Every structure is written in C-alpha cells, then in structure tokens.
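Beneath this line is the structure, given in structure tokens, with notes to follow.
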Amino acid sequence: MKPVTRFVTALAAVALAAGGAQAQAPVVLKVDPPNWWAGHSINPVRLLIRGRALAGARMECPRLACGEVKVNAAGTYAFVDVTVDDGVAPGQYPLTLRTPGGTAPVAFTVSPELPATGRYQGFGPDDVIYLLMPDRFANGDPGNDQPAVSRGILDRGHLRRWHGGDLEGVRQRLPYLRDLGITAIWMNPIYDNTNTLDTIEVYQGDPTTAYHGYHAIDHYAVDERFGDMATLRRLVDEAHAQGIKIILDMVANHTSPHHPWVHDSPTPTWFNGTVQRHLSNTWQIWTLADPHATPEIRRPVLDGWFVDILPDLNQDDPEVARYLIQNTLWWAGMSGIDGIRQDTWPYVPRSFWREWMAGIRREHPQMRVVGEVYDGDPANVAFFSGRRARWDGIDDGVDALFDFPLFFPLRRAFVEGKPLREVVQMLGRDHLYEDPQSLVTFLGLHDVGRFMGEQGATPEGLRLAYTFLLTTRGTPLLYYGDEIGLPGGGDPDNRRDFPGGWRGDPRNAFQASGRTPAEQATFTHVQRLLRLRAQRGELRQGPVVNLHVGDQQYVYRRGATVVALNNDTTAAEVRIPAAELGADVLGVCAPPRRDGDALVITLPPRSGCVF
C-alpha cells in the first residue's frame, strides 16, 4: 500500500478545454471538518473540500491563516490547512475559494471548547458496559422515522430494515440503565449512513439497509434517523449527570459502497483498489501476528474489501490517515464522549493505530479505546494489545480488547454444558496479555447469536454465566436485552427490538410488569450482581485466586469475596482451604461447613454462590 500523492497544486495552470472555452466557476459542496477549535493539539487543521471545478484553487482567509491548496486531478477535491491560533474567539470565519473561473464561499466555524470536567473520562474494570443498537433499543422521537432524504426504508417487520430507534430513545431510558447498574453505554456507529435500500449488499435477493451504522456515507454527520449533534450532546450530558459514560463506535477500516468517495476519490490511493479491481478479505488474522508470513500473504487481510463489497480505506495514504485522526477528535470534541470502540482492529495497519492512538492521547489523555479483534486464539488477540512492541516493532497503543477467547468456552460451558474447566484453562492464558484486567468480557454482542437463542440454553445457565461474568476479572459488557434473556439467532435475528421501546408495543420489558417470571428472575439476578460489584471494589480490581478447579466446579477468591460455581446438572460438594466466609449474598447456598482444615461448600445444580 504505497501512497501516491499526485495533486494539481494551486500554482499549476488551469487546463482549459480545447478551443479555449472559459473556465467554469467553482462549486463547493462539502467541507470536512466544518469547524475546529482554538488551542487544539491538531493545528493547523486540514480541510477536505468537495466540489466541482476546483482546479487552480487558492484560498482567501481574511481572519485565519491558510496554507497552499492542493487539488486532485479531477478538480473535485481540495486540501488546505487552516491555522486556528490560541485565543481566536469562537464564531463564523468564512473563507473564499478562488479559481480562474470565479469564487465560491467555504463556510468554517471556530467552536467553543466543551469543558473537560466530567467528559472524556475513559472506562475500565470499575465500569459495566451496556451495548445497544440505537435503531433497535427505543424510539424516542417518531418524528425522525421517515426523514425526507430516506423515506420508505423503515419496516419493523423486516429485520434488515430500519426500525426507528434513536438517540432520544436512549436518553429516555437512562434511568432504566442506571437502575440496572450500568455505568457505560456503547452505541453502534451513528454516522450518516446509506439513505436508500442497498442493492449491493443483498441476502437471498433482498436488499438491506444500514440500520446498524457501519456503512458511513458522511463521517461528519449524525444519521438523521438517530437525531443530530445536539441530540447526541444532550444524551452525553444527561448520561454523565446520571453517572453513565458514553462509548462511541467508530469505523476506520471501510466505508459504505455508496459513499461519494467510491467513484470520485480525493486521492488516487484513498482506497485499496477500486470497485472493479480489488482484493476480497480473507479474514486470516493469524497471518498478521505470524512473523514468518510474507507481505503478499498478509495483503488480503489488510487491503481486502469486507464481504467483497465494502471499500477498504488505505491508511498508508497520509491524507486518509490525517482525515481519520481529525474525524475521531472532531466527534470527541463535539460530543464529550468518554471512549471509543474501534471496529475491525486487525484489518488496519498497526502503524496507523499507533498514530491514531497518539493523537487521541495528546488531546484527551484519559479517554480510552477498546478494539475489536474477533478471534478465539488468545495468542492472536494478545498480539494486538497495547503497551508493548511486538516483533514488528510497533506498540499500537490500544487500551483494551474484547475477550473473544474467553467468550467461546463461556458459551460452550454455560449453554452446552461442556466442562467449566475449559473456562478456567482459558483464564490461565492471561499471561499472554499485558493487562488482562483491561479485557472486555461478554456473553453476547451484535455479531454473534444470542445466548438464549442457542440450542441447549436455559435461564438457569444464563444466570450462572452472569454470576461468573460479573465477578471475574475484566470489564464486563451486557448486550441489550440479555439482562432479560431476550432470544435471537444469528445476524439479524440477534438484533430484535427491545420490547417496550416503541409506542404501541404489546408489552414493556423496561418495567417489571412487562416481563415474564423468567425474565424478571434474570433481571433481578443481574441487578443484584451489579450492585454487589459496585459495593465490593475487590470484584472490580482484585486479583483472581483459584481455590478449586474441577470438571464442572470452580471456586475462586477476589480479595475477601469467594465465588463458587457448579455447572453440573447435579448437586456438588467442593472443598477449599479453611477461611472465614459470610453468608451467600445470592441466597443460593447454605453456609459452608468446617471439616478439619477445609471448608465444604454444597452447591445446588447449575448454580453459583458469592460469599
């Protein structure tokens, strides 16, 4: 991926059509970013101006300093650096783009900086993250269900259409999440996404929509179906007021196949390949960690287009890299979010992540990032963790990764009844990680089938899994609806609407009166565990010490707290070294009995106890 930087500069002559036709007047269609801040760690900020007839452009900046203009060969994109000195007052600072054919206004704003207090807080093991898909959680503003630019693609009866959930719906449900015990919300991307039925990504002949947020067509706008920037900022501010952080999903790997860049790119190397000629991603993450793999073997993983259709951004192009770093900091500065979940982490060059993370650190030192490495091999996942350079000499700097290696044995044990010992054995591989406490642990999320959708799943198994998840090391994550055992198969069935999130729903599971007895039992169990986790710092920060490991039984200590699990379908007795234990706070186990120098704990079938 060798970037090419062929531009027509402002000093180049304007190529006139044969016969000496008069140059066309320039047209400015879009400016990215539309605003910036005085005193920012990125200064000057580089504007990407999209338009027509931009060849030969220069900028007139009466109140700010502008650099030389660079224009692509097609005359459709111009790059220019704008310096915003310290002390420049917030306000409108109109610029003018001038070519031999005329002038065009370029709107630009210097924005007031959001106060840092209570914002950009980061996240970690002291938190409990709640993942929700805005389109599927709650519809708080039916007025944005059929926006003028994208009518006719909402259909709650179709799992691959928009359903109407939005940011206002999330804001209105903050008390529910606070009462449950959630301290951080991760939302799937809220970029402006494809406005029409997608006839490129098709399943069984049926077009899809970008309700999930991962097909951006504008990186500098909130999708109109979710709200706008003011709605996002209100959500962030009210979440902070209720003790809840906000983690925003971002995608630096690819765009929508319908993005304007796809057929008219700002540079020749903006993407890895073209629609007509590109590599398809092979998903072989292990080749990136393999010191013996050749660049040719790794290239489809880094340069390949997802499912052969999502245009792969080329972060080795310095203009792409700068655009993405500025865009990340723009979202942070505009909203005051606390963290970022970055999609498809391995598929982007690690050298870019190093620079991206450094950019975040300079501006918001406390903000944290969790990267997605969807792989069950802990050695592969550990390769991408930050804080240490690997064989390639790069420390990518990421703060946390998802614990997919633990997820798979968790599902096998608590759904299928496979040995619980496999879970403990996976924890034994924590030595591979620089900081296993930073791993984000989970029972489900939007890319896997729901726990209760798997064959063999039971509410008892789900509750037992939660007893482990919410008392072991790491930063636990709950997928929306799993706190009540919402069913669902694979994508898109795992993305059902939360019951009661829409006016007129037959029941409202946000309230106890709208839950089934099994749902209420699971909700109460999760809530109790989250309150216990909040009360006992050792369940968030204490080391895990194994006291007993059997085929289907596991007992461990964190500080003064002892957790005992029985994954068998019959009752079991386990012996641990004698210690002073209080009563089981979950009310499941009888008090342990003393037997010489040991304590004997009696565990009912498929149950867990916390002493």
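Quick check on my filter: what residues within the range 542-578 are surrounded by fewer than 21 Cβ atoms within 10 Å (Cβ to Cβ), in a loop (DSSP other than H, G, I, E, B) and polar (S, T, N, Q)?
Passing the criteria: Q552, T569, T570.
Among the residues in the range 379-386, are any more than 21 Å from P189 (Cβ to Cβ), in a helix (DSSP H, G or I) and of a type in the set (V, I, T)?
Applying the first criterion (more than 21 Å from P189 (Cβ to Cβ)) to the range 379-386 yields 379-383, 385-386.
Those left that are additionally in a helix (DSSP H, G or I): 379-383.
Subsequent filtering for residues that are of a type in the set (V, I, T) retains 381.
Checked against the condition, which is being more than 21 Å from P189 (Cβ to Cβ), in a helix (DSSP H, G or I) and of a type in the set (V, I, T), the range 379-386 yields at least one hit.
Could you say which residue among G227, G157, G140, G165 is within 26 Å of E483 (Cα to Cα) and touching a residue at least 40 places away in the same chain (Cβ under 8 Å)? Before you say what the answer is, go through the steps one by one.
Values: G227 fails: within 26 Å of E483 (Cα to Cα); G157 fails: touching a residue at least 40 places away in the same chain (Cβ under 8 Å); G140 fails: touching a residue at least 40 places away in the same chain (Cβ under 8 Å).
Step by step, each of G227, G157, G140, G165 is checked, and only G165 is within 26 Å of E483 (Cα to Cα) and touching a residue at least 40 places away in the same chain (Cβ under 8 Å).
Being in contact with a helix residue (DSSP H, G or I) (Cβ under 7 Å, 6 or more places away or on another chain), open to solvent by less than 10 Å² (accessible area, probe 1.4 Å) and closer than 23 Å to R298 by Cβ: is that true of G397 here? Reasoning before the result, please.
Values: in contact with a helix residue (DSSP H, G or I) (Cβ under 7 Å, 6 or more places away or on another chain): yes; open to solvent by less than 10 Å² (accessible area, probe 1.4 Å): no; closer than 23 Å to R298 by Cβ: yes.
No.
Tell me the residue from R463, R496 that is among the charged types (D, E, K, R) and either surrounded by fewer than 20 Cβ atoms within 10 Å (Cβ to Cβ) or over 25 Å from Q535 (Cα atoms) (or both), please. I'd like the intermediate steps shown before the answer.
Numbers: R463 fails: either surrounded by fewer than 20 Cβ atoms within 10 Å (Cβ to Cβ) or over 25 Å from Q535 (Cα atoms) (or both).
One residue alone meets the criteria, R496.
Determine which single condition H219 fails, assuming it passes every other condition in (1) at positive phi; (2) in contact (Cβ under 8 Å) with a residue 60 or more places away in the chain.
Against the list (1) at positive phi; (2) in contact (Cβ under 8 Å) with a residue 60 or more places away in the chain, H219 comes up short only on (1).
For D237, only one of the following conditions fails: (1) part of a loop (DSSP other than H, G, I, E, B); (2) within 20 Å of M367 (Cα to Cα); (3) not β-branched (V, I, T). What is its number?
So D237 meets the others, but not (1).
May I ask you to list the residues in the range 77-103 that are under 22 Å from T267 (Cα atoms) and of a type outside the set (S, T, N, Q)?
So the first thing to find is which residues in the range 77-103 are under 22 Å from T267 (Cα atoms), and the list is 77-82, 97-99.
Scanning the range 77-103 gives Y77, A78, F79, V80, D81, V82, L97, R98.
Can you work out which of the residues in the range 400-427 that are assigned to a loop (DSSP other than H, G, I, E, B) and of a type in the set (D, E, K, R) is most open to solvent (accessible area, probe 1.4 Å)? Steps first, answer last, please.
So the first thing to find is which residues in the range 400-427 are assigned to a loop (DSSP other than H, G, I, E, B), and the list is 403, 417-420.
If we keep only those that are of a type in the set (D, E, K, R) too, we end up with 403, 418.
Working: D403: 4, K418: 87 Å².
If we take residues in the range 400-427 being assigned to a loop (DSSP other than H, G, I, E, B) and of a type in the set (D, E, K, R), then K418 is most open to solvent (accessible area, probe 1.4 Å).
Identify all residues within the range 468-487 that are assigned to a loop (DSSP other than H, G, I, E, B), without any contact (Cβ under 8 Å) to a residue 40 or more places away in the chain and buried (at least 22 other Cβ atoms within 10 Å of the Cβ); write none if there are none.
If we filter the range 468-487 for residues that are assigned to a loop (DSSP other than H, G, I, E, B), which is where we start, we get 470-474, 480-481, 485-487.
Among the residues that remain, those that are also without any contact (Cβ under 8 Å) to a residue 40 or more places away in the chain are: 481, 485-487.
Of everything in the range 468-487, those that are assigned to a loop (DSSP other than H, G, I, E, B), without any contact (Cβ under 8 Å) to a residue 40 or more places away in the chain and buried (at least 22 other Cβ atoms within 10 Å of the Cβ) turn out to be G481, G485, L486.
Can you tell me which residue within the range 364-385, out of those that are buried (at least 19 other Cβ atoms within 10 Å of the Cβ) and in contact with a Pro (Cβ under 7 Å, 6 or more places away or on another chain), is farthest from N253 (Cα to Cα)?
Here the residue is P378.
Anything in the range 231-242 that is among the small types (G, A, S) and open to solvent by 50 Å² or more (accessible area, probe 1.4 Å)? List them, or say none. Before you say what the answer is, go through the steps one by one.
Applying the first criterion (among the small types (G, A, S)) to the range 231-242 yields 239, 241.
The one that is among the small types (G, A, S) and open to solvent by 50 Å² or more (accessible area, probe 1.4 Å): A241.
Restricting to the range 47-78, count the residues that are open to solvent by 40 Å² or more (accessible area, probe 1.4 Å) and not in a loop (DSSP other than H, G, I, E, B).
The total comes to 7.
Would you check which residues across the range 424-445 are in contact with a strand residue (DSSP E or B) (Cβ under 7 Å, 6 or more places away or on another chain) and within 21 Å of V128 (Cα to Cα) and list them?
S438, L439, V440, T441, F442, G444, L445
The values are calculated or read from the model by the stated rules, or taken from the named source; none is laboratory data. None of the values given here were measured: they were computed from a predicted structure. FYI the Cβ positions are ideal-geometry reconstructions off the backbone, even for glycines, and counts take in every protein chain you see. SASA here: full protein model, heavy atoms, side chains in, ligands and nucleic acids out. Shrake-Rupley method; radii C 1.70, N 1.55, O 1.52, S 1.80 Å.
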